[in-house]
Amino acid sequence: MVGNSFGQIFRFTTWGESHGPAIGVVVDGVPPCVPLDESDIQSWLDRRRPGQSRFTTQRKEPDAVKILSGVFESQTTGAPVSMMIENIDARSKDYSEIAQKYRPGHADYTYDAKYGIRDYRGGGRSSARETASRVAAGALARKVIGHLVPGGVTLRGALVQIGTMAIDRANWDWGTIEDNPFWCPDPRMTGQWENYLDDIRKAGSSVGAVIEIVAEGVPVGLGEPVYGKIDSDLAAAMMTINAVKGVEIGAGMSAAALTGEENADEMHMDSTGVAFGSNNAGGALGGITTGQDLVVRFAVKPTSSIQTPRNTVSRDGGDIEVSTKGRHDPCVGIRAVPVGEAMMACVIADHLLRQRAQIGSLGSQAPLAR
């Protein structure tokens with residue numbers, strides 16, 4: 001199986017299965033002398049950890065990270081950084097009934113058709129459990145970004161829609177996202193989502209979501225046209241996350257309904273240099289960062305593991321019904337927020353190192369750039 005690595009200079013490879021003894025990640029390209037210990041990683045893993053509310057899977061995993069290589073005396077050495085997370089609370093018996101059944105919406109059929117074998121215990125390699133490894137890589141990417149960018153980059157994510165219920169952007173408050181189980185920036189919406197998801201969960205069903213990730217303070221000039229654009233790499237990064245079915249940058253799909261006058265982000269000079277009147281471009285022009293906020297949204301489909309019987313086929317070619325028991329997220333999009341943050345951090349760290357390798361400095365060479 002290939003395709004388990006992401007990035008060019010800051011490059012990570014994840015390994016392990018949902019119900020194996022452990023999962024983990026190896027990160028290459030990390031500069032030396034970046035301060036790092038396990039607590040720097042653990043704080044971000046704790047945000048993704050399952051079982052923290054009734055709206056996520058009740059699998060109880062501590063997600064305790066162990067750094068196995070690449071760090072000496074609390075600093076990176078420049079060698080690959082290897083990290084491991086043990087699986088503590090896997091219950092493989094929950095999946096014995098679907099060992100010979102293909103669950104609709106899952107990767108069961110395609111994995112079996114491609115490889116001739118599949119790990120049916122929680123989906124094996126295709127499980128969202130793999131995303132904990134990405135979050136560990138993203139935590140390291142944040143440290144690299146802080147090491148390379150004076151003043152740092154503020155990188156945050158929020159859940160902006162569950163099912164058909166979207167937030168009111170007029171109520172957006174970043175200060176509230178840590179105060180509710182949804183990473184919701186609209187405090188008026190959390191109560192409605194709670195009631196809605198309680199009904200979904202009790203019915204044994206699921207629902208999708210939309211997540212928005214924003215990076216503030218990204219330097220001007222990151223991106224490698226034409227096939228290494230910052231926005232194309234961000235889109236690719238988000239599409240690798242389990243259950244993601246759509247990605248947009250800036251105004252995204254809604255830009256199709258704008259006129260040229262409405263869509264153009266007009267520019268002017270201020271005390272800091274070139275400034276913009278709007279950000280429909282989402283922080284990238286021609287695949288190169290503008291210095292504005294990088295804004296990415298992605299849509300996550302409903303969790304495919306539901307209790308409602310669905311028509312499917314068996315491994316031996318019979319027409320059957322299947323319903324999935326076990327512990328599952330009624331809205332997998334909730335825990336996708338820290339995963340989206342991690343993937344954006346990895347892309348930014350990679351492009352910072354690529355910029356340093358090609359140009360030798362951060363920021364544009366243009367005299368008007370901030």
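Stretching the chain fully between Asn195 and Ser323 yields a gain of 43.7 nm (0.36 nm per residue, less the alpha carbon separation). Report in % the part of the accessible area of the chain that belongs to carbon and sulfur, leaving out ligands and nucleic acids; probe 1.4 Å. Roughly 52 percent, rounded to a whole number. Using C-alpha pairs below 8 Å separated by at least 6 residues, the relative contact order for the stretch 70-154 is 18 percent. Loop-located trypsin sites (Lys or Arg not before Pro) in the stretch 104-142 (DSSP state other than H, G, I, E, B) with a sparse environment of at most 15 neighbouring Cβ atoms within 10 Å are absent. Legend: calculated FRET efficiency, Lys245 to Glu86, from the Cβ-Cβ distance at R0 = 25 Å, rounded to 0.05, equals 0.20.
In terms of its C-alpha gyration tensor, the stretch 1-160 comes out prolate, because a/c is 1.5 or above and the ratio a/b outweighs b/c. Along the stretch 298-304 the Karplus relation, 6.51 cos²θ - 1.76 cosθ + 1.60 evaluated at θ = phi - 60°, assigns HN-Hα couplings of 9, 9, 10, 6, x, 3, 6 Hz to successive residues, with x for each Gly and Pro. Averaged over its residues, the chain has an accessible area of 45 Å² per residue, based on protein heavy atoms and a 1.4 Å probe. Computed from backbone phi, the HN-Hα couplings of the stretch 283-288 come to x, 9, 10, x, x, 10 Hz, rounded to whole numbers (Karplus: 6.51 cos²θ - 1.76 cosθ + 1.60, θ = phi - 60°; Gly and Pro given as x).
Report note on the peptides 181-191, 286-296: ranked by the mean count of other C-beta atoms within 10 Å, highest first, their order is 286-296, 181-191. Only helices enter the 222 nm calculation for the chain: every DSSP H run of n ≥ 4 contributes -39,500 (n - 2.57), and dividing by all residues gives -7500 deg cm²/dmol, rounded to 500. Computed from backbone phi, the HN-Hα couplings of the stretch 141-154 come to 4, 4, 5, 5, 4, x, 6, 9, 10, x, x, x, 10, 8 Hz, rounded to whole numbers (Karplus: 6.51 cos²θ - 1.76 cosθ + 1.60, θ = phi - 60°; Gly and Pro given as x).
Within the shell defined by Cβ-Cβ distances under 12 Å, the residues around Gly20 carry a net charge of -1, with Lys and Arg each +1 and Asp and Glu each -1.
The values are calculated or read from the model by the stated rules, or taken from the named source; none is laboratory data. Everything quoted here is computed from the prediction, not taken from an experiment. Backbone-built Cβ (ideal geometry, glycine too); neighbour counts: all protein chains shown. For accessibility, only protein heavy atoms count, side chains too; no ligands or nucleic acids. Shrake-Rupley method; radii C 1.70, N 1.55, O 1.52, S 1.80 Å.
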